[in-house]
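Colleague: Okay, here's the structure, questions in a sec.
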Amino acid sequence: MPRKPIPLISTYELQPSTPAPYTPDDAYGDVKPRTFWQYLPALAVVILILLPHPSYLIMLVDYHLRTRNDPIAFTIHLIIAYTLTFLAFSSFIICISRDPGVVQQPEVSDEDTHALLTPADDDFLSPGKWCRKCWAPKPERTHHCSTCGRCVLKMDHHCPWMASKCIGYNTYPAFVHFLVSCTLLALYIAVVSIFALIYAFSNPYALANPSSTPIHEIFLAFDGLIFLLVMGSFLGYHIYLISTNQTTVENISHFFLLRYLPSPSEESTSDAQPTSRRPLAFPPMEHELSYQQRTLVRAAHGAIHIYDLGFSQNWAQVYGWSGRRGWMNKLLNGGSS
Ligand SMILES: [Zn+2]
Ligand SMILES: [Zn+2]
């Protein structure tokens, strides 16, 4: 005899008043269209990457060709700086053009609807397993982005600098690749310009143009150091996140762990098997906790990384590849293998 279907959520008022916004037709794009203004920060990123290059070229010609008469060093510095610039742009283009992570929705006929909503196969009653905005199943680590108006697989964060797109499962390696390329570019420009600056101050009469102030070297040294500090900090944070298998959303959500508390009723049942434990259907909200409980949850959040598989496995999840030349894509743009 077929089991009586259990309703997904018994409170009927949670049903959306308008038709479900998430259909297979729009599952491959953001539900909310982007405006022109949302592209401006991406344009600012392009300008910021290109901004030091005229000064960098002038410095290389002035210092390495005209003053030091060293075309080999000139060529090496040119190739390294432009390779890093190319790598930064290749991953930047991937981040703004690729879908961050489509949640494949199962095709369900009307007859199957109840079967889908039955928590026997997967506990859709659990928090985080069902998106009440898309009205669709939500796989583990998927989050709903209110700016994009859709669910994103393994969403890391919504990035206004990447043409207001989410960084998710498909674009996170490219995003970290972008941070690495920008940090290395800033470091390289800072080091080369600081060496040229030191030379200019210690050997003023050896310069090709002794009367001029080394203004380009000063600008590049400041620009390089500021970007090294900013991009390097972000990179360090994401290295920590990858090493501990966390996303930014999970890391900044201190009460994220509450979702995974076992149900007290099942916990108290003496014959309950560990496998039968389910997270609380309705975990306590932050404001319902006492001060001590909140402190405890915060401390636990810092110490417990529930997706941590060990350092190498965590990195393999983001930067592993399966194809024969998969490493090439990872190296060139942080793209798929
Ligand atoms: Zn959603
Ligand atoms: Zn988003």
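The values are calculated or read from the model by the stated rules, or taken from the named source; none is laboratory data. The structure presented is a predicted model; accordingly, all values stated were derived computationally and were not measured. Don't worry about glycine lacking a Cβ; one is built from the backbone with ideal geometry, like all the others, and counts go over all protein chains shown. For the accessible areas, the whole protein counts, side chains as well, though only heavy atoms, and no ligand, DNA or RNA atoms are used. Shrake-Rupley method; radii C 1.70, N 1.55, O 1.52, S 1.80 Å.
Colleague: Kindly indicate the residue of region 139-191 that is β-branched (Val, Ile, Thr) and within 8 Å of ligand 2 (Cβ to nearest atom) and also surrounded by the most Cβ atoms within 10 Å (Cβ to Cβ) among those meeting that condition. Before the answer, list the steps.
Modeller: Step one: filter region 139-191 for residues β-branched (Val, Ile, Thr), giving 142, 147, 152, 167, 171, 176, 180, 183, 189, 191.
Going one step further and asking which of them are within 8 Å of ligand 2 (Cβ to nearest atom), we end up with 147, 152.
Numbers: 147: 15, 152: 28.
Among them, the one singled out is 152.
Colleague: Let me ask something additional. Go through (1) more than 11 Å from ligand 2 (Cβ to nearest atom); (2) part of a loop (DSSP other than H, G, I, E, B); (3) open to solvent by 40 Å² or more (accessible area, probe 1.4 Å) one by one and return the number of the condition residue 134 breaks.
Modeller: Going through the list (1) more than 11 Å from ligand 2 (Cβ to nearest atom); (2) part of a loop (DSSP other than H, G, I, E, B); (3) open to solvent by 40 Å² or more (accessible area, probe 1.4 Å), residue 134 breaks only (3).
Colleague: Do any helices (runs of 4 or more DSSP H) entirely within region 244-309 hold 1 or more residues that are in contact with a strand residue (DSSP E or B) (Cβ under 8 Å, 6 or more places away or on another chain) and at pLDDT 85 or above, and if so, which?
Modeller: 248-252
Colleague: If you scan region 146-159, which residues turn out to be touching a residue at least 60 places away in the same chain (Cβ under 8 Å) and either assigned to a loop (DSSP other than H, G, I, E, B) or near ligand 1 (Cβ under 9 Å from one of its atoms) (or both)?
Modeller: Listed by number, the residues that qualify are 147, 148, 149, 150, 151, 154, 155, 156.
Colleague: Here's something else I'd like to know. Sort out which residues of region 160-174 are within 16 Å of ligand 1 (Cβ to nearest atom) and either more than 15 Å from residue 250 (Cβ to Cβ) or not in a loop (DSSP other than H, G, I, E, B) (or both), and write them in order of number.
Modeller: Result: 165, 166.
Colleague: Is one or more of the residues making up region 2-11 modelled with pLDDT of 50 or more and open to solvent by 80 Å² or more (accessible area, probe 1.4 Å)?
Modeller: yes
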